[in-house]
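Report on the following structure.
The values are calculated or read from the model by the stated rules, or taken from the named source; none is laboratory data. Only a predicted model underlies this, so the values are computations on that prediction, with no experimental measurement involved. Note: ideal-geometry Cβ built from the backbone for every residue, glycine included; neighbour counts use all protein chains shown.
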Amino acid sequence: MAAKKIKFREEARQKILKGVQTLASAVKVTLGPKGRNVVLDKAYGSPQITKDGVTVAKEIELADKHENMGAQMVKEVANKTADKAGDGTTTATILAEAIYTEGLRNVTAGANPMDLKKGIEKATQAIVEDLQKLSKPIKNTKEIAQVAAISANGDEEIGQIIAKAMDSVGKDGTITVEEAKGFETTLEIVKGMNFDRGYLSSYFITNPDKLQAELDDAYVLISEKKISSMKEFLPILQTTAESGKPLLIIAE
């Protein structure tokens, strides 16, 4: 087993602080509508230019293991914010840096860490309550476009496309984003569900003119695994055959 380097008290805290500040410094430049872009070196292909805080954070690994621990702590903050809210990762990173920096300063001055923790939790609760009072729900497509444009770095065209997509599929619909092969940004609305697969055999074709397999009022069977034998599906096949309805099987 490899030897472990152990650091205690102030030395350990300062190492972690440096890692926190290093990552936060790289991320915070992207904050707000006037935020700047960050260029990320990639192992393969061209460098990536981004203004997304969590994307920048994910690329940071520090050579010093103890400093890297601090960077990874803040990276976790950005990742969880992205998973839960989908935005606000840069703000979350800046807040995390400020909490750690000021917390460390107070602990060094002799404050009780548990009292600090309780104070942070109370302050968080009070701030969240005030923010909820100040917030207003989005009521129409115009407001969706405004919020979307802000998230798209002020690109009003992107904002309008996102608003139209959300208006078309509703709040429970699914929206996917794909990189275009050309220069145009387009919106495609697909009714129903779309799978990046097709029929397994040309014998399934029901419309020779369009080379499509079209089933009306069909039963749908979805399987997460590969189907190598139909023995386990025989009861289902018998039931559907008796009903006279077609059966669509979607499998790995």
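Here are some notes:
- Tally of residues being on the phi > 0 side of the Ramachandran plot and either assigned by TED's automatic domain parsing to the domain that holds E143 or outside any loop (DSSP other than H, G, I, E, B) (or both) across the stretch 162-214: 1
- Scanning the stretch 79-102 for residues that are surrounded by 13 or more Cβ atoms within 10 Å (Cβ to Cβ), modelled with pLDDT under 90 and among the small types (G, A, S) gives A82, G88.
- Any chance D115 is of a type outside the set (F, W, Y) and either touching a helix residue (DSSP H, G or I) at 6+ places or on another chain (Cβ under 7 Å) or modelled with pLDDT under 90 (or both): no
- Per the listing I189, I138, I144, the residue uniquely under 30 Å from P33 (Cα atoms) and in contact with a Gly (Cβ under 9 Å, 6 or more places away or on another chain) is I144.
- For the stretch 109-127, the condition of being exposed (fewer than 15 other Cβ atoms within 10 Å of the Cβ), within 26 Å of the chain's Cα centre (by Cα) and under 29 Å from K34 (Cβ atoms) holds for at least one residue.
- Scope the stretch 26-61; condition touching a residue at least 60 places away in the same chain (Cβ under 8 Å), closer than 19 Å to D155 by Cα and of a type in the set (A, V, I, L, M, F, W, C); matching residues: L31
- Hits in the stretch 29-49 (condition: at pLDDT 85 or above and touching a helix residue (DSSP H, G or I) at 6+ places or on another chain (Cβ under 9 Å)): V29, T30, L31, V38, L40, Q48
- Looking only at residues of the stretch 48-78 that are surrounded by 10 or more Cβ atoms within 10 Å (Cβ to Cβ) and touching a strand residue (DSSP E or B) at 6+ places or on another chain (Cβ under 8 Å), we find that the one that is farthest from S151 (Cα to Cα) is E59.
Per-residue answers, yes or no, for (1) outside any loop (DSSP other than H, G, I, E, B); (2) within 26 Å of K118 (Cα to Cα); (3) in contact (Cβ under 8 Å) with a residue 12 or more places away in the chain; (4) among the basic types (K, R):
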residue	(1), (2), (3), (4)
A24	yes, yes, yes, no
A63	no, no, no, no
A71	yes, yes, yes, no
D83	yes, yes, no, no
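- Among the residues of the stretch 202-238, those identified as out of contact with any strand residue (DSSP E or B) (no Cβ under 6 Å at 6 or more places or on another chain) and of a type in the set (S, T, Y) are S202, Y203, T206, S223, S228, S229.
- For beta carbons closer than 6 Å, sequence separation of 6+ or different chains, a first residue in the stretch 87-99 that is more than 18 Å from G19 (Cβ to Cβ) and a second that is of a type outside the set (A, V, I, L, M) and assigned to a helix (DSSP H, G or I), the qualifying pairs are D87/S151; G88/T81.
- Scanning the stretch 34-61 for residues that are of a type in the set (V, I, T) and outside any loop (DSSP other than H, G, I, E, B) gives V38, V39, I49, T50, V54, T55, V56.
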